[in-house]
């Protein structure tokens, strides 16, 4: 295993092996590796370059991996360096994760200008690993100028990813029966673009109908703070049709937000939110690392399960121990 300084140097040179090892360190929960991770992150903070961060979500079966491979391959053909951070759902029982994105993106995996990092969500909020923001920093320091963050497409993952990217793209299925119903959901309000995938073969007509319906419904929504109106497009990731138009649309969004200075304003808000999340995460880590709390937690958990004490009262007792030992 190379030294931390050698690892950092390798990241700066764009070496994928060094980048992979560095990400493994920041994903670790051990105290020793957290110290190493902080050293790596501090170095990368000063070295990171400008990039575009794109969040991509959609229900299972919508074709996220196929879309990302087609989209990523199109970008590398244009000379871009693309990093794909794909978060796989972890089992809440076994804590295991499929981590199958590399097998689903065969061509992109072999592309020298692409880096794919599947990471287990470890049951963290929204199915997004706590270290995803840090991984983005490392990828930027390694020279990747386009970061694609794929979510598991369930629960709160979209909210978590939307809070760390510049552009948020939602993939939809044609003729799934929720085209207009889906417009009521909060995720649509977060979307910068809705893209109906699988607009080919027998589902091409259904995709055209869905696109029209979404466009009509989105007229009811006001423009976003930066003046952008959510776009609706169709594509066939399988046939690589409509992919270039989506990239052109994203470029228009980035230019518009940079011109009216909302791009950097959004980044600043995201960094502020990140600070709050780190504080909450560290407080939680310290809380459960306390030996007295761990012992009392077992007792109180059993009492809560037996309905001998309320969850609120149990939590209050634990917090009192924490405050007493922290003062």
* Asked: Where residues in the range 136-164 are under 11 Å from the mean Cα position of the chain (by Cα) and modelled with pLDDT of 95 or more, which of them is nearest to residue 49 (Cα to Cα)?
  -> 147
* To do: Scan (1) in contact (Cβ under 8 Å) with a residue 12 or more places away in the chain; (2) farther than 22 Å from residue 60 by Cβ for the single condition residue 252 breaks and write down its number.
  => (1)
* Just to be sure, is residue 255 farther than 18 Å from residue 77 by Cα, assigned by TED's automatic domain parsing to the domain that holds residue 159 and surrounded by fewer than 12 Cβ atoms within 10 Å (Cβ to Cβ)? -> yes
* To do: Of the conditions (1) outside the structural domain of residue 114 (by TED's automatic domain parsing); (2) surrounded by fewer than 22 Cβ atoms within 10 Å (Cβ to Cβ); (3) touching a residue at least 24 places away in the same chain (Cβ under 8 Å), residue 10 clears all except one; give me its number.
  => (3)
* Some residue of the range 170-177 being in the same structural domain as residue 233 (by TED's automatic domain parsing), surrounded by 15 or more Cβ atoms within 10 Å (Cβ to Cβ) and modelled with pLDDT under 75 -> yes
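I'd like to check which helices (runs of 4 or more DSSP H) are fully inside the range 175-293 and have at least 1 residues that are within 20 Å of the chain's Cα centre (by Cα). Quick ask: steps written out before the conclusion?
Working: elements: 186-190, 204-218, 243-259, 262-289.
It comes to 186-190, 243-259, 262-289.
The values are calculated or read from the model by the stated rules, or taken from the named source; none is laboratory data. Not measured: the values here are computed from a predicted model. Ideal geometry is used to build each Cβ from the backbone, glycine not excepted, and the neighbour counts take in all protein chains shown.
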